[in-house]
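The values are calculated or read from the model by the stated rules, or taken from the named source; none is laboratory data. On a predicted model such as this, the values are computed, not experimentally measured, just so you know. Keep in mind that these areas ignore ligands, DNA and RNA; they rest on the heavy atoms of the full protein, side chains included. Shrake-Rupley method; radii C 1.70, N 1.55, O 1.52, S 1.80 Å.
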Amino acid sequence: GAGCPLTPCHNVTVVRALRVVEGAAVGEDSGVQQTCACVPGHVANGRGGCAPESEPVEMNFYMYRAQDDEDYPLDSDNLGSLEAVMWYLHNEVVRLSCPRHYNISRIVRYNVTMKNTPELYAVRGGQFGQYVAVDKGSCTVPNCDQIWSDYGYVVGCQNEDHSFYGQKPYWYSVIAACPEEPFGNKTDDCKKQNPGGLCPEGKRPDGSRTCTWSYEKTGEIRIDELEGISDYGAFCAAHHREYDENTDKGDGCSFWDGKQDPVKNAKRVEAASNLFAKNYPGVAGSVPAPVCDW
């Protein structure tokens with residue numbers, strides 16, 4: 001079949017059965033037929049390619065978080081694309097196995113709907129705002145208040161520049177009520193005065209300053225199962241390692257071997273996406289993510 005144009009479509013990154021090409025998602029059928037569709041935040045330009053939307057639009061896609069076994073509602077937080085979270089696990093978590101860094105045990109998936117404000121688009125001409133670091137529910141960068149005053153409680157993004165996990169490792173920041181205070185210090189008065197961008201339950205994001213995102217948890221996968229480790233306690237008791245930076249491989253586990261190998265990294269992301277699809281057959285294993293245009 002006829003291939004999708006490479007101009008302006010380029011910067012290919014693999015997402016399960018889709019190739020996302022600078023605003024265009026390219027689906028493959030038996031390796032021959034190809035169909036093109038623009039990713040969220042882009043629209044067909046009439047010339048066989050995709051162009052950025054000319055205004056803020058609603059976008060729906062997955063965000064992921066690596067966390068321990070404790071359950072809690074999503075609040076102000078930093079989430080990532082699956083590529084970014086896999087890179088984080090590889091770079092920060094499994095190298096400190098037995099126990100893992102922060103006792104991280106799973107990847108949680110959220111179906112996030114977002115629409116940022118027209119005030120942001122008027123200045124930036126893009127769908128995303130500035131990424132801000134969040135720790136324990138509190139923004140930790142000095143200009144948070146100015147961002148929210150200028151644009152509202154916008155969803156931010158940034159590229160992970162030092163990853164070997166393809167071209168689409170994105171980090172996101174989402175802001176809920178009382179984001180200037182950490183968990184435990186968020187008083188009712190603070191939440192009322194600083195409501196954040198998380199929409200009230202049942203309301204879709206409308207691009208207003210205090211309703212820029214909503215979410216639904218859509219599954220999780222266990223890191224043990226992803227790696228093929230049936231008993232993590234026994235694995236540790238045998239003094240195995242998930243990944244050793246000195247040897248660039250594991251001991252008793254080969255899943256993370258070859259940290260800087262882009263082909264192996266793509267297969268690791270695909271394995272995680274496939275495991276989500278296997279465990280949640282009624283839910284799409286992966287969906288095209290928008291381009292981080294900040």
Karplus-derived HN-Hα couplings along region 191-200 (A = 6.51, B = -1.76, C = 1.60, θ = phi - 60°), whole Hz, x at Gly and Pro
5, 6, 6, 10, x, x, x, 6, 5, x
If amide hydrogens are placed 1.01 Å from N in the peptide plane, which non-local residues have theirs closer than 5 Å to the one on residue 167?
14
Quotient of Cα Rg and 2.2 N^0.38 Å for region 41-198, N being how many residues it contains:
1.12
Comparing 284, 44, 234, which has the greatest mean-square fluctuation in the GNM of the chain with Cα pairs linked when under 10 Å apart?
234
Find how many whole Å separate the alpha carbon centroid of region 44-100 from the alpha carbon centroid of region 220-240.
24
Can you say what percent of the DSSP beta bridges in the chain, counting only those with both residues inside, are antiparallel? Round to 5.
95
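Can you tally the lysine pairs in region 188-255 where the Cα-Cα distance is under 28 Å and the two residues are eight or more apart, or on different chains? Don't jump to the answer; show the numbers that get you there.
Values: 191/203; 191/217; 192/203; 192/217; 203/217.
Count of close lysine pairs: 5.
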Return the label of the correct value of Cα extents along the principal axes in Å, as calculated from the structure shown, out of [x] 88, 42, 39; [y] 58, 46, 40; [z] 57, 55, 35.
[z]
How many Å² of accessible area per residue for the chain, probe 1.4 Å?
48
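Just the number, please: carbon plus sulfur as a percent of the accessible area of region 33-135, 1.4 Å probe, no ligands or DNA/RNA counted.
That fraction is 46 percent.
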Dividing the helical contributions, -39500 (n - 2.57) per DSSP H run of n ≥ 4, by the residues of the chain yields a 222 nm value, nearest 500 deg cm²/dmol, of -5000 deg cm²/dmol
Hey, what do the phi angles of region 69-76 turn into as Karplus ³J(HN,Hα) couplings, whole Hz, using 6.51/-1.76/1.60 and θ = phi - 60°, x for Gly and Pro?
7, 6, 9, 7, x, 6, 10, 4
Ordered by residue, what ³J(HN,Hα) values in Hz, to whole numbers, does region 240-246 give under the Karplus form 6.51 cos²θ - 1.76 cosθ + 1.60, where θ = phi - 60° and Gly and Pro are x?
7, 10, 5, 7, 10, 4, 5
